[in-house]
1. Sort out which residues of the stretch 10-31 are free of Cβ contacts under 8 Å to residues at least 60 places away in the same chain and not β-branched (V, I, T), and write them in order of number.
2. Among the listed residues S64, S55, identify the single one that is of a type in the set (S, T, N, Q) and either more than 16 Å from I29 (Cβ to Cβ) or under 12 Å from the mean Cα position of the chain (by Cα) (or both).
3. Consider the stretch 17-41. How many of its residues are farther than 13 Å from S70 by Cα, open to solvent by 20 Å² or more (accessible area, probe 1.4 Å) and part of a loop (DSSP other than H, G, I, E, B)?
4. If you take just the strands (runs of 3 or more DSSP E) that sit entirely in the stretch 48-120, which of them hold at least 3 residues that are among the aromatic types (F, W, Y) and either without any contact (Cβ under 8 Å) to a residue 12 or more places away in the chain or buried (at least 16 other Cβ atoms within 10 Å of the Cβ) (or both)?
5. Confirm whether Y109 is closer than 23 Å to T17 by Cβ and at pLDDT 95 or above.
Amino acid sequence: QVQLQESGPGLVKPSQTLSLTCTVSGGSITANNYYWSWIRQPPGKGVEWIGYINSVGSPYYSPSLKSRTSISRDTSKNQFTLQLSSVTPEDIAIYYCARMNTDYHYPDYWGQGTQVTVSE
């Protein structure tokens, strides 16, 4: 079975860069038919798609966040990462990684989520 697990610091200072890692087991991040997304949910709000990296390593970002976002991967570790620069309290959210199906563009597997707080 496919499992995804987010990891990284729960507290980031304003103006710093948030770095999160998603470790995938039970499936390869290089496999066809899937791509790998970062999604977040701020308190009291709906989910927001941040971006993804596809099976050959090409990233794509939400237009609203692309200037601050970088998604990369380490295929040897079956991991993909999120870097979100210049964070502010508006970036406080639960961050999820998810597997997406290329045909349906729907997250079929999610990580448990990790809470990120932005504070001095």
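1. Across the stretch 10-31, the qualifying residues are S25, G26, S28, A31.
2. None of the other options fit; the residue is S64.
3. 7
4. Those strands (runs of 3 or more DSSP E) do not exist here; none qualify.
5. Judged against the criteria, Y109 is not a match.
The values are calculated or read from the model by the stated rules, or taken from the named source; none is laboratory data. Because the structure is a prediction, the values reported are computed rather than measured. With ideal geometry, Cβ positions are generated from the backbone for all residues, glycine too; neighbour counts draw on all protein chains shown. Only protein heavy atoms, including side chains, enter the accessible area calculation; ligands, DNA and RNA are left aside. Shrake-Rupley method; radii C 1.70, N 1.55, O 1.52, S 1.80 Å.
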